[in-house]
Amino acid sequence: MDAEIEEDLHLSQQAEELQRSQASQTEDAWSGQEERDRLEADAYDQGRAAENAARIVQQQADAAAATTAEEAELVQAQANAEVLLQAANATAQVGQFEQFMEAHRQQNLPPGRKAYQEPVASHSLGAMDVQCWHCQALHWDAEKLAASTHNNKKFGQCCLQGQINLPPFPPPPPTLKNLLCGTSPFSDTFCKNI
């Protein structure tokens with residue numbers, strides 16, 4: 001009986017947490033939609049302003065056409081420059097909106113679905129040139145045990161500080177030794193393609 005009550009209490013708590021989570025997600029979605037709507041409205045308003053400015057400039061150009069041809073050309077060049085500037089501003093606003101939308105979309109993705117970004121700096125452990133005193137295995141200096149000293153470096157990943165003794169490798173067959181040591185006429189090709 002107590003187990004059923006505890007289970008019911010646990011299930012009701014989970015249901016409340018789920019409702020709070022869904023309410024939070026709904027609120028985030030609405031705020032994101034409001035921001036997108038606001039940015040779209042701003043882009044639309046700027047587009048309309050550019051159209052109006054172009055219309056006004058065209059009217060000014062038409063009025064100036066009644067004057068001399070040189071003045072008309074100057075006014076037209078200024079009008080074209082202003083229209084190009086306003087079009088560039090509108091294009092920049094659309095680009096900023098697209099960047100915002102992409103950033104917002106990336107922000108709501110789980111980490112495994114986000115676009116890959118190169119790390120800021122590369123990591124290097126340096127040369128692998130520190131030998132184990134017991135088995136002569138090569139290690140990086142960062143792999144030494146905390147109990148190591150500067151003159152007596154100890155490692156635990158190769159032979160457990162001399163606790164494991166493996167027999168040495170047998171010598172290679174003569175053919176392979178000749179290829180590796182450079183005494184065979186085929187050594188160069190072998191070493192390049194090994």
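In the range 157-180, the residues that are within 22 Å of D141 (Cβ to Cβ) and assigned by TED's automatic domain parsing to the domain that holds A137 form Cβ pairs under 9 Å with partners that are small (G, A, S) and surrounded by 12 or more Cβ atoms within 10 Å (Cβ to Cβ), at six or more places apart or across chains, as follows: Q157/A137; C158/A137; C159/A137. Taking the condition under 32 Å from the mean Cα position of the chain (by Cα), modelled with pLDDT of 80 or more and surrounded by 10 or more Cβ atoms within 10 Å (Cβ to Cβ), does D188 pass? Against the criterion (under 32 Å from the mean Cα position of the chain (by Cα), modelled with pLDDT of 80 or more and surrounded by 10 or more Cβ atoms within 10 Å (Cβ to Cβ)), D188 does not qualify.
Does the range 61-81 contain at least one residue that is among the β-branched types (V, I, T) and under 30 Å from Q33 (Cα atoms)? Checking the range 61-81: not a single residue is among the β-branched types (V, I, T) and under 30 Å from Q33 (Cα atoms).
Just one of the listed residues (Q99, Q106, Q161) is surrounded by 13 or more Cβ atoms within 10 Å (Cβ to Cβ) and of a type in the set (S, T, N, Q), and it is Q161. Pairing each residue of the range 115-133 that is surrounded by 10 or more Cβ atoms within 10 Å (Cβ to Cβ) with any residue that is aromatic (F, W, Y) and at pLDDT 80 or above, provided the two are 6+ apart or on different chains, yields C-beta distances under 6 Å for L125/W140; M128/W140; C132/F155. Which one is farthest from N151 (Cα to Cα) among residues in the range 99-133 that are of a type in the set (D, E, K, R) and modelled with pLDDT of 80 or more? Only one residue tops the list, namely E118.
The values are calculated or read from the model by the stated rules, or taken from the named source; none is laboratory data. This structure is a prediction, so every number in the text was calculated from the model and none was measured. Quick reminder, even Gly has a Cβ in these numbers, built from the backbone with ideal geometry, and neighbours come from all protein chains shown.
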